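For reference, the structure discussed in these notes is given below.
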Amino acid sequence: MTFRAVETLKTVTLIAAEDTRRTKILCQKYGIATPLTSLHEHNEGKKAPELVQRLKAGESVALVTDAGMPVVSDPGAFLVEQAAAAGIPVTAVPGANAAVTALALSGFRGEKFRFEGFPPKKSAAMERWLEGLSSEETLVICYESPYRVVKTLEAIRKVLGEVPVVVARELTKLYEEVTRGSTSQVLKRYTERPAKGEVTLIFLPKKEP
């Protein structure tokens, strides 16, 4: 959290949170008493127009998602679109972003990269996705569930072979960890000790000659 983020959350009329229970814990930690309302992927279509009406009436709303930046593989795009279309000023208060933070810690050169959100869940779709990336010389950054990291690494090894991989988890938190190595090296680590918490995966997909 930055000073600006804390001040913003203290001074707005309302905080729209992906999970009000988790955001409430954050607010309590920083002494933020602003009322909360939920806005997540399942209610954004209905809730966004209501929030835009409140903004038109002169209120101010801050959008918070659980473990990252709103809109970046998180809810919020529809609300931003609707607010902008209504002529309401929209700004971002920069904070921790797992993709960029992981890249900064990875050891890879970061001039060019491709962000892919979350990989496909089904095995066949995952393999097609990786095949589509197999000729890329650009870094690929994606998010993954801790319960699926091993399966995703196994798919990378099967389709792409031994490529450079970095797994970064719990970034900016107490148990932050970065694991670097070949596909098999990183796979071995997470097979032996399953991942916990938020996970960001970076790899160079170009196949070995």
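The values are calculated or read from the model by the stated rules, or taken from the named source; none is laboratory data. Predicted, not measured: the structure shown is a model, and the values here were computed from it. All Cβ positions, even for glycine, are placed from backbone atoms using ideal geometry, and neighbour counts span all protein chains on display.
Points worth noting:
- Positions within the stretch 24-41 being under 14 Å from Glu7 (Cα atoms) and assigned to a loop (DSSP other than H, G, I, E, B), in sequence order: Tyr30, Gly31, Ile32, Ala33, Thr34
Residue-by-condition table, conditions (1) in contact with a strand residue (DSSP E or B) (Cβ under 9 Å, 6 or more places away or on another chain); (2) touching a residue at least 24 places away in the same chain (Cβ under 8 Å):
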residue	(1), (2)
Val61	yes, yes
Met69	no, yes
Phe78	no, yes
Val93	yes, yes
Val100	yes, no
Phe108	yes, yes
Glu111	no, no
Phe115	yes, yes
Ala124	no, no
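- Any hit, the stretch 151-171, residues being of a type in the set (A, V, I, L, M), part of a loop (DSSP other than H, G, I, E, B) and in contact with a strand residue (DSSP E or B) (Cβ under 6 Å, 6 or more places away or on another chain): yes
- Residues in the stretch 40-70 that are among the polar types (S, T, N, Q) and surrounded by fewer than 19 Cβ atoms within 10 Å (Cβ to Cβ): Asn43, Gln53, Ser60.
- Looking across the stretch 40-90, the residues that are in contact with a Gly (Cβ under 8 Å, 6 or more places away or on another chain) and either within 20 Å of Lys10 (Cα to Cα) or not acidic (Asp, Glu) (or both) come down to Leu63, Thr65, Met69, Pro70, Ser73, Phe78.
- Taking the stretch 77-127 as the range and being closer than 25 Å to Glu176 by Cα, in contact with a Ser or Thr (Cβ under 8 Å, 6 or more places away or on another chain) and outside any loop (DSSP other than H, G, I, E, B) as the test, the residues that pass are Ala98, Ala99, Thr101, Ala102, Phe113, Arg114.
- Within the option set Glu176, Glu127, Glu136, being closer than 30 Å to Val6 by Cα and touching a Lys or Arg at 6+ places or on another chain (Cβ under 8 Å) holds for one residue only, Glu176.
- The stretch 76-100, subset modelled with pLDDT under 95 and over 22 Å from Glu41 (Cβ atoms), residue surrounded by the most Cβ atoms within 10 Å (Cβ to Cβ): Val100
- Filtered residues of the stretch 9-19 (kept if in a helix (DSSP H, G or I) and surrounded by 18 or more Cβ atoms within 10 Å (Cβ to Cβ)): Leu9
- Top-ranked residue of the stretch 179-209 - restricted to ones that are within 17 Å of the chain's Cα centre (by Cα) and surrounded by fewer than 16 Cβ atoms within 10 Å (Cβ to Cβ), ranked as nearest to Ala96 (Cα to Cα): Gly197
- Residue in the stretch 93-102 that is more than 20 Å from Thr65 (Cβ to Cβ) and among the hydrophobic types (A, V, I, L, M, F, W, C) present: no
- Among the residues of the stretch 34-56, those that are of a type in the set (Asp, Glu) and under 14 Å from Glu81 (Cα atoms) comprise Glu44, Glu50.
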